[in-house]
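The values are calculated or read from the model by the stated rules, or taken from the named source; none is laboratory data. The structure presented is a predicted model; accordingly, all values stated were derived computationally and were not measured. Using ideal geometry, Cβ is built from the backbone for each residue, glycine included, and neighbour counts are taken over all protein chains shown. Areas reflect the complete protein model, heavy atoms only, side chains present, ligands, DNA and RNA absent. Shrake-Rupley method; radii C 1.70, N 1.55, O 1.52, S 1.80 Å.
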Amino acid sequence: MLFENVVIKSVVSVDPPNTMSSEEVYDRLESTFKRLRVPGNPLIDLAGIQERRYWDDGVQPSDAATMAGRKALQQADVDPGRVGILINTSVSRDFLEPSTACLVHNNLKLGNTCESFDVGNACLAFINGMSIAGRMLERGEIDYALIVNGESSREINETTIRRLLEPSVTRKQFKGEFASLTLGSGAAAMVMTRRELEPEGHAYKGGVSRAATQFNNLCRGWNHQMWTDTRSLLTEGMKLANLTYTAARTVLGWVMHDLDHIVIHQVSKAHTDSFISKFGVDPARVYRIFPKLGNIGPASIPTVLSRIVDEGRVQRGDKIALMGIGSGLNCSMAEVVW
Ligand code: MYA
């Protein structure tokens, strides 16, 4: 769906304070790497992930999402009482119920007229959250929307390392669980509103989505374990991205070289290089956070957006493509004009 009256007021990210390097992961798994004759350190050499970050003990996904939400509201200078919808988009969650959004809503002291809920769609949920909020704003149902995300990967990183240390682990199992070692923690948030309330806001034009749910078995995760068919995911993900881009060309009128910044979901070096070569993109327009943060799921797109803005890379009027893809498979592409 396309929007004429929806703008972004602020976009922020919060990095966890602690670091786990891929050298450390290698050292802890050295016996398995050697026994399975894995050459080098694939986390660095193939995935391009040097480190990932994690929160202090006891910090829950809702706490991380709250930190980001508070920062976004402060940066937007918006009274929390005017927020009409809070959408939490985290894969990680404190409980099965209540929703993580309820916890964030209470932490931020949002009003009793502010609706809140979680949207779950693997790594794509933040863009889905923006799209839902955009529809409500465009219709004039609400004044301000807050989209939040808080991911915590420590538990799955640790349980995967412990499991892969078992002497019975085969090469097949190692490959199937490799992606879990690329996951990292992070948090991000965005305040969106209507153009008439914030004429200086940055236009969110909306976008297009495509699905290929016949591939819902390529990456399946639980709290303690995730299994991924990395090769098929890359192949089928790239095909779906191509299909979605074709729709974006028609609906949004995109021409790749007219896009000033291409903000893609951050998976790995293999995925980013493959995307750049298949789509013929100028690599300088594709900012990368995966080397330092790993794959932080839905937080990755708003985190990249906040980084390029904070580092002064974005000029007023720049065209920014947001390209998200999530296990399942679903893909969305949306445009922001800064
Ligand atoms: S789900 C999370 C997805 N995350 C990952 O897949 C983790 C990161 N993966 C990678 O970096 C690559 O897939 C790797 C393979 C490097 C693993 N374990 O030609 P190949 C080795 C360990 O098949 P590639 C999500 O985010 C092995 O030595 N090592 O390699 C949702 C092998 O040699 P051999 C492995 O497929 C969205 C060598 O690599 C593994 O190019 C995702 C070459 O093998 C393994 N599993 O890379 C959507 N596999 O075979 C994706 C191979 O001789 C679409 N090796 O042993 C992305 C679209 C981009 C963004 C677009 C936005 C719209």
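In the range 153-204, what residues are of a type in the set (Ser, Thr, Tyr) and farther than 24 Å from Ser131 by Cα? Write out each step before concluding.
Residues of the range 153-204 that are of a type in the set (Ser, Thr, Tyr), as a first pass: 153, 159-160, 168, 170, 180, 182, 185, 193, 204.
Once the filter is applied, which keeps residues that are of a type in the set (Ser, Thr, Tyr) and farther than 24 Å from Ser131 by Cα, the range 153-204 yields Ser153, Thr159, Thr160, Ser168, Thr170, Ser180, Thr182.
Does Ser327 satisfy the condition of being open to solvent by 20 Å² or more (accessible area, probe 1.4 Å) and over 19 Å from the mean Cα position of the chain (by Cα)?
On the way: open to solvent by 20 Å² or more (accessible area, probe 1.4 Å): yes; over 19 Å from the mean Cα position of the chain (by Cα): no.
Here the answer is no, as Ser327 does not meet what is asked.
Can you find even one residue in the range 303-321 that is assigned to a helix (DSSP H, G or I) and near the ligand (Cβ under 10 Å from one of its atoms)? I'd like the intermediate steps shown before the answer.
Pass one, the range 303-321, residues assigned to a helix (DSSP H, G or I): 303-310.
From the residues that got through so far, the ones that are near the ligand (Cβ under 10 Å from one of its atoms) too are none.
No, that holds for no residue.
What's the total number of residues in the range 44-64 that are over 17 Å from Glu155 (Cα atoms), of a type in the set (A, V, I, L, M, F, W, C) and out of contact with any Asp or Glu (no Cβ under 9 Å at 6 or more places or on another chain)?
Restricting attention to the range 44-64, the residues satisfying the condition of being over 17 Å from Glu155 (Cα atoms) are 44-50.
Add one more test, that the residue is of a type in the set (A, V, I, L, M, F, W, C), and what stays is 44, 46-47, 49.
Now restrict to residues that are out of contact with any Asp or Glu (no Cβ under 9 Å at 6 or more places or on another chain): 46-47, 49.
Going through the range 44-64 one residue at a time, the tally reaches 3.
Which residues, counting only those in the range 215-273, are polar (S, T, N, Q), within 9 Å of the ligand (Cβ to nearest atom) and within 16 Å of Cys123 (Cβ to Cβ)?
Thr228, Thr230, Thr244, Gln266, Ser268, Thr272 - these are the residues of the range 215-273 that are polar (S, T, N, Q), within 9 Å of the ligand (Cβ to nearest atom) and within 16 Å of Cys123 (Cβ to Cβ).
All but one of (1) open to solvent by 40 Å² or more (accessible area, probe 1.4 Å); (2) in contact with a Leu (Cβ under 8 Å, 6 or more places away or on another chain) hold for Val83, so report the exception by its number.
(1)
Table: residues versus (1) of a type in the set (Phe, Trp, Tyr); (2) more than 23 Å from Arg313 (Cα to Cα); (3) over 18 Å from the mean Cα position of the chain (by Cα).
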position: Gly201; (1), (2), (3): no, no, yes
position: Glu236; (1), (2), (3): no, yes, yes
position: Leu243; (1), (2), (3): no, yes, yes
position: His261; (1), (2), (3): no, no, no
position: Gln266; (1), (2), (3): no, no, no
position: Ala284; (1), (2), (3): no, no, yes
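Looking only at residues that are in contact with a Leu (Cβ under 9 Å, 6 or more places away or on another chain) and part of a strand (DSSP E or B) in the range 169-201, which one is surrounded by the fewest Cβ atoms within 10 Å (Cβ to Cβ)?
Arg194
How about the range 105-126: which of its residues are open to solvent by less than 40 Å² (accessible area, probe 1.4 Å), more than 18 Å from the chain's Cα centre (by Cα) and over 14 Å from Asp143 (Cα atoms)?
His105, Leu108, Ser116, listed by residue number.
Only one of (1) in contact with a strand residue (DSSP E or B) (Cβ under 8 Å, 6 or more places away or on another chain); (2) within 13 Å of the ligand (Cβ to nearest atom); (3) over 30 Å from Arg135 (Cα atoms) is not met by Asn295, so which one is it?
(3)
Got at least one residue in the range 71-79 being of a type outside the set (Phe, Trp, Tyr) and under 28 Å from Lys172 (Cβ atoms)?
Of the residues in the range 71-79, the ones of a type outside the set (Phe, Trp, Tyr) are 71-79.
Then drop every residue that is not under 28 Å from Lys172 (Cβ atoms), which leaves none.
No - not one qualifying residue is present in the range 71-79.
Checking Gly280 against (1) within 14 Å of the chain's Cα centre (by Cα); (2) without any contact (Cβ under 8 Å) to a residue 40 or more places away in the chain, which test does it fail?
That leaves (1) as the condition not met.
Return the pairs, sorted by first residue and then second, in which the second residue is part of a helix (DSSP H, G or I) and crowded, with 24+ Cβ neighbours inside 10 Å, the first residue lies in the range 130-151 and is at positive phi, the beta carbons are less than 6 Å apart, and the residues are 6+ apart or on different chains.
Short answer, once both residue conditions are applied: none.
State which residue is least open to solvent (accessible area, probe 1.4 Å) when the search covers only the range 292-324 and only residues that are more than 22 Å from Thr244 (Cα to Cα) and among the basic types (Lys, Arg).
My answer is Arg307.
Read through the list (1) open to solvent by less than 40 Å² (accessible area, probe 1.4 Å); (2) within 14 Å of the ligand (Cβ to nearest atom); (3) within 21 Å of Asn121 (Cβ to Cβ), then give the number of the only condition that Val281 fails.
Answer for Val281: the failing condition is (3).
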